Structure formats: structure tokens, C-alpha cells
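The values are calculated or read from the model by the stated rules, or taken from the named source; none is laboratory data. Bear in mind the structure is a predicted one, so any value in this text is a computation, not a measurement. Glycine also receives a Cβ, built like all others from the backbone with ideal geometry; neighbour counts cover every protein chain displayed. Quick note on the areas: whole protein, heavy atoms, side chains included, nothing else; ligands and nucleic acids left out. Shrake-Rupley method; radii C 1.70, N 1.55, O 1.52, S 1.80 Å.
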Amino acid sequence: MKNRVRVAAVQMGVRWLDPEANAARMGEAMEKIKAQGGADLVVFPELANSGYLKGRESKDFAHFSRQYVAVAEKIPGPFTEALCQLARKYGAYIVSGLLEAHPQVTGTLYNSAILISPAGQVVGLHHKAHIPAEEKHYFYPGNTAEVFATDLGNIGMMVCADNSFPEPARVLSLKGAEIICVPYNRPQGLYPDPDQIYRLISCRACENSNFFVAVNRVGSEDNVVFEGKSCICGPGGEILALSESDSEDLLCATLEA
């Protein structure tokens, strides 16, 4: 890994089914990061193009489903191209969650994380493997755990519930991951302990002796409120930066090899 890697975690709200507006908000975040000294790697939440589905489908399942499928995009597509432009403009790697349409099978969706290089190229893709609750109605589970070599170091990705189990992070680490990025859409009230998310991220980092950048969204959709509490941890499980807020926040940390 590079001796010093400056990372930023963008804890943001996501506008429901509005990829263009969400890409614009991400551009505003990149400008703010630049004003604070810039970053080598910027991580955004899960499903940053579309918003989440929990709480939406119960009112009109068929109508919601049609809308959700319609906003999903193949890669490359308008949302990923917008992120590629941001990566080029700001000279940073970007990891973001997104609602992805299957490249061949109509109506089939992935809950994905994408890695984009400062050259504006898609260099990595992960499909969420652990699909909980309502997500099972929509997302096809992934079955790979890949690590992507970059000039910052070896980067692995997971999405939200993937990090609830020790095995995915361990597989990535055995494949050489030095930095693992985890976009989240984690709601409040998921566990009785409101600080459990910090311990979960810290534990995975310590188990595998690598860096973790976990970024949750904030805001609400229908009656679901997202808890924020994003966290960056070092290889000893130490917390390098955290948000104690369920509001928009920007975390920055320097990872030192």
C-alpha cells in the first residue's frame, strides 16, 4: 500500500429515484473535499443513485417495482459516467453504491458497489452477496469477492449486510485487500445497541489487519430513518474517524502503511 492515503467518507442523504440529482450532490461533496485538502479515495453510500426500497413497496408493490426497475442502469450508464467525470476532475478514486441493471437479463437487479479510477475508468465492481429482508424481492445475489490493484493499494469492496459476516472480509483479505470499502444503507433501530455499527467495523478491521472505510447514508424514506454513524478504522481496529450523527457529515482520515 502507498505510505499515506487520504480518504473521505461522504455521509449523505440520497434523493429517491433521482440519479441526476444524486450525482449533482456527489459533485458538491467532491468540491467540499477539494476545499479541505482533497482526497485520494472518496467513498459514498449504498444505492447512491436510487435510494433504498425498505418501506416503499408496502404501499403499492407493483407501481414501486416498475419505478425501481426503470431507474436501474447498466454499466456504463449516465450515473456511472457522471462519477467517472468527477473522478477525472478531482483526481481521486471513487467508490459508490448503485442500483445496477443486469447486463443481459431484463428486470434483474444488482445492489452493487463500483470502483472508479482518477482516469475516469471503471476498475472494479462488486455485487452484494448477502441480501436481507425486502431486498430479496429485487436483488440477485453476487457470488464473487474480488480485490482490485490500484496505485493506492489493493482495494476490496462489500455492501452493507456483507459486513455482518466475517467470511467476506476474510476472503478479500486473503486475496490481498489492504483497504476495504463498505457502502451502507443501514436504518436506525436495526439492533438494540445504537453503537453496534462502530464495533462491527472495528472488529472486521482488527480481524484482518487492514483499513475499513464504511459509509452509511442519512435521511429518510417513507417511515425508515437511516442512522449515519459512518466510520473509518485502522488495521488494529482503532477508529480513525467517525460520525456520531444521523445528519450529513464528511469524514476524512489519512491511512498510513
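A few points about this structure:
- Unique residue being closer than 23 Å to Gly153 by Cβ, at pLDDT 95 or above and open to solvent by 10 Å² or more (accessible area, probe 1.4 Å) when the list is Ala92, Ala119, Ala87: Ala119
- Among residues of segment 27-68 being in a helix (DSSP H, G or I) and touching a strand residue (DSSP E or B) at 6+ places or on another chain (Cβ under 7 Å), the one that is farthest from Asp162 (Cα to Cα) is Lys32.
- Taking each residue of segment 207-224 that is more than 20 Å from Arg25 (Cα to Cα) and looking for partners that are at pLDDT below 95 and in a strand (DSSP E or B) with beta-carbon atoms closer than 9 Å, six or more apart or interchain, yields Val224/Pro187.
- Test result for Lys136, in a loop (DSSP other than H, G, I, E, B) and of a type outside the set (Gly, Ala, Ser): no
- Residues that are touching a strand residue (DSSP E or B) at 6+ places or on another chain (Cβ under 9 Å) and buried (at least 24 other Cβ atoms within 10 Å of the Cβ) number at least 2 in the following strands (runs of 3 or more DSSP E) confined to segment 146-190: 154-157, 179-184.
- Residue within segment 10-18 that is out of contact with any helix residue (DSSP H, G or I) (no Cβ under 6 Å at 6 or more places or on another chain), open to solvent by 10 Å² or more (accessible area, probe 1.4 Å) and under 29 Å from Ala253 (Cβ atoms) present: yes
- For segment 97-106, the criterion of being touching a residue at least 60 places away in the same chain (Cβ under 8 Å) and either closer than 30 Å to Ile33 by Cα or not in a loop (DSSP other than H, G, I, E, B) (or both) is met by at least one residue.
- Filter pass, Glu135 being surrounded by 14 or more Cβ atoms within 10 Å (Cβ to Cβ), at pLDDT below 95 and farther than 22 Å from Glu31 by Cβ: yes
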